[in-house]
Amino acid sequence: MKSKDAPRQPGDEAPIHIIDLIRKKRDGGALDAREIEFLVTGAAHSSIPVEQLAAWLMAAWLRGLNVDEIRALTLAMRDSGERFDPSRLGRSAVDKHSTGGVGDKTSFLVAPIAAACGLAVPMISGRALGHTGGTLDKLEAIPGYRTSLSLTEFESVLKNCGASIVSQTPSLVPADRVLYALRDRTGTVESPGLICASILSKKLAAGLDALVLDVKTGSGAFLRKREDAEYLAALMVATAEAAGTQTVALLTDMGQPLGSAAGNWIELVECIELLRGNCPAESEDLRQLSLALAAWMIHLGGKAASPEAGYQLAEAALTDGSALGVFFKMVDAQGGDVSVFDDPPAFHKPGATEVVKAWETGYIAEMDTTALGWAVQRTGAGREKAGEPVDAHAGIVFHARRGAYVEQGQPLATLYATTPAQIAEPAALLKRAIRFSPRPAQAAPPLIHQVFTREKAEAYLGDAAKVKKTASSS
Ligand code: URA
């Protein structure tokens with residue numbers, strides 16, 4: 001008699017039971033493609049109870065997924081709903097996706113920049129996840145902006161504007177819609193395999209010609225350790241390439257919030273400043289990273305012979321106002337009221353505001369950026385329970401960067417909260433997250449550590465020892 005955990009043979013069509021899949025993963029076994037498809041279909045069609053999906057996710061988080069399971073999960077999630085066919089757009093379809101960070105708002109810059117350079121950017125994004133903010137929550141700070149479009153509407157916005165940013169829907173990657181929200185509530189976000197499948201299912205369902213991934217490392221990343229982030233970058237590049245999408249990953253620093261604002265409306269305002277050609281010093285890292293990501297999109301999309309040439313085109317689109325034009329056109333096409341950008345401070349109506357001042361004199365030596373992300377969420381910018389609304393006006397603007405010298409009493413950050421009662425917790429988190437030193441900090445890590453191409457990713461994954469060491473780490 002066959003044991004329950006024996007690998008299935010081709011043609012073995014024995015019934016599958018979710019309880020067996022939970023127990024198998026709990027005990028360190030590997031699921032085959034048919035079992036993974038069963039699980040994903042059950043998530044998409046709500047035929048598997050949510051507590052059993054949650055139990056399987058936790059088992060997968062603890063035990064890890066091997067490369068074959070991750071590939072099968074990615075493809076099954078991609079195929080859990082309809083797929084978008086961008087071939088009728090008459091332009092190369094390219095996109096960018098980040099593994100998640102604090103103040104990470106590059107989508108609002110790279111999508112219009114790439115579209116202004118003649119590419120189509122069909123971007124399927126997510127909501128706030130764990131300590132990180134969500135592109136969709138930020139866009140919904142614009143009155144009227146609709147993130148849930150039918151495929152026909154998505155295509156029409158793309159044809160007219162070049163870029164469209166939308167959500168997963170009951171018809172578009174429904175499995176990720178369910179599993180993404182469940183991971184957020186069950187502490188199962190920080191898993192390389194689950195992150196890879198979540199991101200790539202959305203990107204592959206959009207039928208992209210090319211994809212640029214921004215894989216974060218450092219204190220605010222889901223995978224903080226450099227070796228884990230490298231593994232995730234290699235895994236995602238190899239998985240997307242095997243599915244037929246030309247892909248590169250940039251491994252980038254998340255050791256401090258990106259730019260100065262972290263929240264919903266306030267992040268859009270920071271981006272609009274850049275799209276209008278202004279760049280305050282505290283937004284310089286945001287500008288540099290956005291241009292680097294857009295440069296690769298433009299190169300892979302066939303509009304520039306090299307990423308360096310792509311960078312020149314990206315910079316021109318940012319400074320000549322063409323990217324701003326695309327952004328406004330897209331917002332308008334998706335029902336958003338662009339007039340709120342006429343006077344951004346007038347539209348900003350937080351329930352409570354407080355300036356946190358430096359509690360000592362010295363250099364900012366370290367930032368626990370994950371704790372800063374939780375501080376942002378607790379102002380009201382994030383949600384406690386799935387489906388809860390978020391406060392468009394809540395968040396934190398940081399006035400000092402890592403390495404800066406500050407005097408006691410100098411403003412460090414401005415907190416915007418939904419109610420006065422929601423100031424104390426984020427303020428306390430912020431105080432615990434920032435460490436001062438009397439001496440200048442060592443040189444800051446580079447903004448972009450390295451670039452993973454297909455060749456580099458395959459060479460990395462070919463090193464079995466590395467895969468074994470990091471496949472299930474957090
Ligand atoms: N972004 C996603 O879409 N999914 C993840 O799991 C992490 C970041």
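The values are calculated or read from the model by the stated rules, or taken from the named source; none is laboratory data. Keep in mind that this is a model prediction, so the values were computed, not measured. Cβ placement follows ideal geometry from the backbone for every residue including glycine, while neighbour counts extend to all protein chains displayed. All accessible areas refer to the heavy atoms of the entire protein, side chains included, with ligands and DNA or RNA removed. Shrake-Rupley method; radii C 1.70, N 1.55, O 1.52, S 1.80 Å.
One line per residue, one yes/no per condition, for (1) under 24 Å from Val110 (Cα atoms); (2) within 9 Å of the ligand (Cβ to nearest atom); (3) in contact with a Lys or Arg (Cβ under 8 Å, 6 or more places away or on another chain):
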position	(1), (2), (3)
Val178	no, no, no
Arg185	no, no, yes
Val189	no, yes, yes
Leu194	no, yes, yes
Ala197	yes, yes, no
Ser201	yes, yes, yes
Leu211	yes, no, yes
Gly220	yes, no, no
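Before we move on, is Ala72 in a helix (DSSP H, G or I), open to solvent by less than 10 Å² (accessible area, probe 1.4 Å) and more than 16 Å from the ligand (Cβ to nearest atom)? Answer is no for this residue. Taking the stretch 434-457 as the range and being open to solvent by 90 Å² or more (accessible area, probe 1.4 Å) and more than 30 Å from Leu412 (Cα to Cα) as the test, the residues that pass are Arg454, Glu455. Of all residues in the stretch 83-102, those that are within 21 Å of Trp374 (Cβ to Cβ) and away from the ligand (no atom under 15 Å from the Cβ) total 0.
Taking helices (runs of 4 or more DSSP H) as the structural unit, those lying wholly within the stretch 257-359 and holding at least 3 residues that are open to solvent by less than 50 Å² (accessible area, probe 1.4 Å) correspond to 265-275, 284-300, 307-319, 322-333.
Here's the yes/no breakdown for (1) touching a residue at least 60 places away in the same chain (Cβ under 8 Å); (2) away from the ligand (no atom under 16 Å from the Cβ):
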| site | (1), (2) |
| --- | --- |
| Asp214 | yes, no |
| Ala238 | yes, yes |
| Leu251 | yes, no |
| Leu268 | yes, yes |
| Cys279 | no, yes |
| Ala295 | no, yes |
| Gly302 | yes, yes |
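Being in contact with a strand residue (DSSP E or B) (Cβ under 8 Å, 6 or more places away or on another chain) and either without any contact (Cβ under 8 Å) to a residue 60 or more places away in the chain or of a type in the set (Lys, Arg) (or both): is that true of Ser171 here? Spelling it out, it is not the case that Ser171 is in contact with a strand residue (DSSP E or B) (Cβ under 8 Å, 6 or more places away or on another chain) and either without any contact (Cβ under 8 Å) to a residue 60 or more places away in the chain or of a type in the set (Lys, Arg) (or both).
Scan Asn264, Asn278 and give me the residue that is in contact with an Asp or Glu (Cβ under 6 Å, 6 or more places away or on another chain), under 17 Å from Lys105 (Cβ atoms) and among the polar types (S, T, N, Q). Only one candidate qualifies: Asn264. Looking at the stretch 227-256, which of the residues that are assigned to a loop (DSSP other than H, G, I, E, B) and among the polar types (S, T, N, Q) is nearest to Phe108 (Cα to Cα)? Across the stretch 227-256, the extreme among qualifying residues is Gln256.
Only one residue in Leu211, Leu200 is under 13 Å from the mean Cα position of the chain (by Cα), at pLDDT 95 or above and not polar (S, T, N, Q), so which one is that? Within the list Leu211, Leu200, the selection yields Leu200.
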